[in-house]
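Engineer: My questions will all concern the structure given below.
The values are calculated or read from the model by the stated rules, or taken from the named source; none is laboratory data. Quantities reported herein were computed from a predicted structural model and do not represent experimental measurements. Methodologically, a virtual Cβ is constructed for each residue, glycine included, from the backbone with ideal geometry; neighbour enumeration extends over all protein chains shown. What goes into the accessible areas is simple: the full protein's heavy atoms, side chains included, and nothing from ligands, DNA or RNA. Shrake-Rupley method; radii C 1.70, N 1.55, O 1.52, S 1.80 Å.
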Amino acid sequence: MTTIADIRSHAEALKAFSWEGLWELFDGNAERMNLAHECLDRHAGRGRAVSIKFADGHLEHHDFARLADLTGRFANWLCRRGVGKGERVAVMLEPSLGFYVALFGAVKRGAIGVPLFTLFGPEGLALRINDCTPRLLLVGQGQVVAGPFGNTEIVRVDEAFWAELAAESPTFDPDTRANDLAIFQYTSGTTRELPEAVRHSHRAVVTLMIAALYGVGLQPGDRYFCPSSPAWGHGLWHGTIAPLALGIHIGAYSGKFDPARIVEALAELDVNNFAAAATVFRMIRNADLLAPGQLHIPKISFTGEPIDSATEAWVERTLGSPVCSMYGSTEVGALIVNFPGFADYRVKPGALGKAAPGMEVAVIERDGTEKAPGESGEIAVRRKGQWFFVKDRGRRDEEGYFFHEGRSDDVIISAGWTMSAVEIENSLMKHPAVLEAAVIGVPDALRGQVVRAYIVARGNGTGAAPHHQADTPADIQADIQADIQADIQAFMKKQLSQHEYPRQIQFVGELPKTPAGKINRKVLRDQAAQSR
């Protein structure tokens, strides 16, 4: 039977889209549904489900049937331990057999799975544990966990754990309603400003299909790879749940990030659909691991932060396809997409894409007035008859493409001019001495704010950052820094308007990033405020 998942025409996708059509992709309905059944059990005859590329280079493969069996055993194991419906089961494991069994087994039981990042420090972990109060916290065999955490029991996924599961029955019939909670998803906030967990029900997988079909371009038969950690939204929802729900074989990455291992996995798994954070593409490019034509990947997507134009061009030149942005948030899902693999859709360089099917997106003022094409404002989506602001600024052109201009608090206003941190960073990345860049506004007595750029410089010769020259005398370092700064500022005055160049430049060894790999400008703003 043909479904909306089989449509590969942009025009037809807009015409054929309906919320009812999304529900037709699943066994469950608006009354009863179980996420683990949709992702694993109903695909038990399809063969391979998950392939994991580990940092040491080896690959591990797991079939749908095996995962369905083991998650049934885990669900029964939870019942025997008295874990009831609605209770939380936290999973702090790298992508592994244990991670998938614990997460989906908890969901199959009717408990709530809570994926947690394995590199959380004691404070970050404690804040989340205290917030969701799980019955169990599953960790790796040799993982160091600073507890105790109240009534939360720590369970190690070791030989004894697998032996206990082997004694359980693999048969478990899920009994959950579509509106029952299934996943608690923490965003990558700082421990000082910890957001509450976003609570997702079993039926969240239906809305997720908008991102899956039109933002990632997933379709049955894809060979899909997403190296993002499933502790975060992109790796969990777009990298794991969405493709498995469509019966698609996924590739995941486990361990310390290594661009060479990512490239190996793309070749070994013969990937035809690759989704990653923008930082991943930059790191692969900077590692100089691929020549044009060495790999061809028809569908490529990214999300989480803008991609610089040089990396955008490199992806298309090297991998043979345009890299497609997908824009949204954990709270509202995918709003603006670039339809990877849709032959009649043109990817416009620098654009986020167009509004996803079923989404009414606009650029507006806070009073609800819609901005004309080309005018900047707040990006918003209409929900339940009202505009919901996603806290980003942008603009829309006459063809309906949206362009991102940064978080609302990343906008810099200097001497009455409104400037986009994203636009300035993108231009900085075109300078040959710049490897990475982040821009913030800092107070200035005359102009209100001026642009300060934090730059990680490229190389170790001419154009090298002074912080890489540990054996260079301080006075010579200062001269080199001054020369590079002047060159960058002159370059920027030619690239953008005269007022948009960074009046202040600081060279740094690295930029602060969130655990999801995004540049964390808030840390830079906090550091700048503390130094005043």
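Engineer: Taking 0.36 nm per intervening residue step and subtracting the Cα-Cα distance, what contour gain separates D173 from R80 on full extension? Write out the running numbers ahead of the final one.
Structural biologist: Details: separation 93, 0.36 × 93 = 33.48 nm, distance 1.51 nm.
Separation in residues times 0.36 nm, less the Cα-Cα distance, equals 32.0 nm.
Engineer: Round to a whole number: what % of the accessible area of the chain belongs to carbon and sulfur, probe 1.4 Å?
Structural biologist: On the way: 10730 of 22130 Å².
Carbon and sulfur together cover 48 percent of it.
Engineer: I want to check the label-to-label distance for D270 and D397. Put each point 7 Å from Cα in the C-beta direction and report it in nm to one decimal.
Structural biologist: With each label placed 7 Å out from Cα toward Cβ, I get 3.8 nm.
Engineer: What net charge do the residues around I7 carry, taking every other residue with its C-beta under 13 Å from that of I7, with Lys and Arg at +1 and Asp and Glu at -1? Before the final figure, lay out the partial values.
Structural biologist: Values: positive: R8, K15; negative: D6, E12, E24, D344.
So the environment of I7 carries a net charge of -2.
Engineer: Can you give the charge dipole size of the chain about its Cα centre, rounded to the nearest 20 debye, using +1 on the beta carbon of Lys and Arg and -1 on the beta carbon of Asp and Glu? All intermediate terms of the calculation are to be shown ahead of the outcome.
Structural biologist: Numbers: 55 positive and 63 negative charges, 120 e Å.
The dipole magnitude comes to about 580 debye.
Engineer: Count charges around R66 for me, please; just the other residues with Cβ under 13 Å from its Cβ, Lys/Arg as +1, Asp/Glu as -1. Present the calculation step by step, with values, prior to reporting the outcome.
Structural biologist: Values: positive: R46, R48, R73; negative: D41, E60, D63, D69.
It works out to a net charge of -1.
Engineer: Can you give me the pair-distance distribution of region 182-282, C-alpha pairs, 5 Å bins, whole percents?
Structural biologist: For region 182-282, the pair-distance distribution reads 2, 12, 22, 23, 19, 13, 7, 2, 0.
Engineer: Treating the beta-carbon of each Lys and Arg as +1 and of each Asp and Glu as -1, no other charges, what is the dipole magnitude of region 295-421 about its Cα centre, to the nearest 20 debye? Write out the running numbers ahead of the final one.
Structural biologist: Details: 15 positive and 19 negative charges, 63 e Å.
Using only the charged Cβ atoms, the result is roughly 300 debye.
Engineer: What's the center-to-center distance, using Cα atoms, between region 215-246 and region 294-352 in Å?
Structural biologist: 15
Engineer: What whole-number volume per residue, in cubic angstrom, does the convex hull of the C-alpha atoms of the chain give? Kindly include the intermediate steps, with their values, before the conclusion.
Structural biologist: Values: hull volume 88.5 nm³, N = 532.
Taking only Cα atoms, the chain has a hull volume of 166 Å³ per residue.
Engineer: Suppose R0 equals 30 Å; then what is the FRET efficiency for E20 and L289 from their Cβ-Cβ distance, rounded to the nearest 0.05? Please list the in-between numbers first.
Structural biologist: Values: r = 45 Å, r/R0 = 1.50.
According to the calculation, E is roughly 0.10.
Engineer: Put L218, L14 in order of accessible area, largest first, 1.4 Å probe: what do you get? Mind showing how you got there, number by number?
Structural biologist: Working: L218 0, L14 90 Å².
Listed by decreasing accessible area, they come as L14, L218.
Engineer: Still on this structure, I have one more. Report the local net charge at G86: Lys and Arg +1, Asp and Glu -1, summed over other residues whose C-beta lies under 13 Å from its C-beta. Mind showing how you got there, number by number?
Structural biologist: Numbers: positive: K85, R88, R109, R135, R177, R199; negative: E87, D175, D180.
With Lys, Arg at +1 and Asp, Glu at -1, the net is +3.
Engineer: What is the set of long-range amide H partners of I440 at a cut-off below 5 Å, with H atoms built 1.01 Å from backbone N?
Structural biologist: Placed amide hydrogens put R452, Y454 under 5 Å from I440.
Engineer: Find the centroid of the Cα atoms in region 101-144 and in region 38-63, then give the distance between the two in whole Å.
Structural biologist: If you average the Cα positions of each part, the centres end up 22 Å apart.
Engineer: So, one more: Tell me the per residue accessible area of region 45-141 using a 1.4 Å probe; a whole number in Å² is fine.
Structural biologist: Details: 3110 Å² over 97 residues.
Accessible area per residue: 32 Å².
Engineer: Quick one: Kirkwood hydrodynamic radius for region 25-132, alpha-carbon pairs, angstrom, one decimal?
Structural biologist: Working: mean 1/r = 0.0666 Å⁻¹.
It is 15.0 Å.
Engineer: Then there's this: Take the Cα radius of gyration of region 62-109 and divide it by 2.2 N^0.38 Å, with N its residue count; two decimals is plenty.
Structural biologist: Region 62-109 yields a ratio of 1.08.
Engineer: Which value in nm describes the separation of the simple spin-label points at T2 and D479, placed 7 Å from the Cα toward the beta carbon?
Structural biologist: Taking the simple label geometry, T2 and D479 are separated by 7.2 nm.
Engineer: Tell me which of L116, P174, Y100 sits at the most positive position along the dipole axis of region 42-183, charges placed on C-beta atoms (Lys, Arg +1; Asp, Glu -1).
Structural biologist: Final value for the positive-end residue is P174.
Engineer: In addition: Checking the table K256/K518; K494/K518; K299/K354; K15/K391 against a 21 Å threshold on Cα-Cα, which pairs fail? Working shown, then result.
Structural biologist: Numbers: K256/K518 16 Å; K494/K518 28 Å; K299/K354 17 Å; K15/K391 30 Å.
From K256/K518; K494/K518; K299/K354; K15/K391, over 21 Å: K494/K518; K15/K391.
Engineer: Still on this structure: So which trypsin sites (Lys or Arg not before Pro) in region 302-380 end up in coil per DSSP with only 14 or fewer other C-beta atoms within 10 Å?
Structural biologist: On the way: sites: R317, R346, K354, R366, K371; in loops: R346, R366, K371.
Within region 302-380, the qualifying trypsin sites (Lys or Arg not before Pro) (loop, at most 14 other Cβ atoms within 10 Å) are R346, R366.
Engineer: I need the trypsin sites (Lys or Arg not before Pro) found in region 222-307, filtered to DSSP loop residues with at most 15 other beta carbons within 10 Å of theirs.
Structural biologist: Values: sites: R223, K256, R261, R282, R285, K299; in loops: K256.
Counting only loop positions with at most 15 other Cβ atoms within 10 Å, the trypsin sites (Lys or Arg not before Pro) in region 222-307 are K256.
Engineer: In region 311-453, how does Rg compare with the Kirkwood Rh, expressed as the Rg/Rh ratio over alpha carbon atoms? Walk me through the numbers before you get to the answer.
Structural biologist: Working: Rg = 16.5 Å, Rh = 16.6 Å.
A ratio of 1.00.
Engineer: Still on this model: Contour minus end-to-end for E196 and E153, with contour as 0.36 nm per residue of separation and end-to-end as the Cα-Cα distance? Don't jump to the answer; show the numbers that get you there.
Structural biologist: Values: separation 43, 0.36 × 43 = 15.48 nm, distance 2.18 nm.
Length gained between E196 and E153: 13.3 nm.
Engineer: Something else about it: At each listed q (0.16 Å⁻¹), what is the log10 of I(q)/I(0) that the Debye formula gives for region 191-243 modelled as equal alpha-carbon point scatterers?
Structural biologist: The Cα Debye sum returns log10 ratios of -0.53.
Engineer: Another question, if that's okay. Heads up, I need the accessible area for H296: 1.4 angstrom probe, whole protein in place, Å², nearest 10.
Structural biologist: 120
Engineer: Another question, then. Multiply the residue separation of Q495 and S9 by 0.36 nm, subtract the distance between their alpha-carbon atoms, and state the gained length in nm to one decimal.
Structural biologist: 171.3 nm
Engineer: Which order do R109, R135, R199 take by accessible area at a 1.4 Å probe, largest first?
Structural biologist: Working: R109 40, R135 80, R199 115 Å².
Largest accessible area first, the residues go R199, R135, R109.
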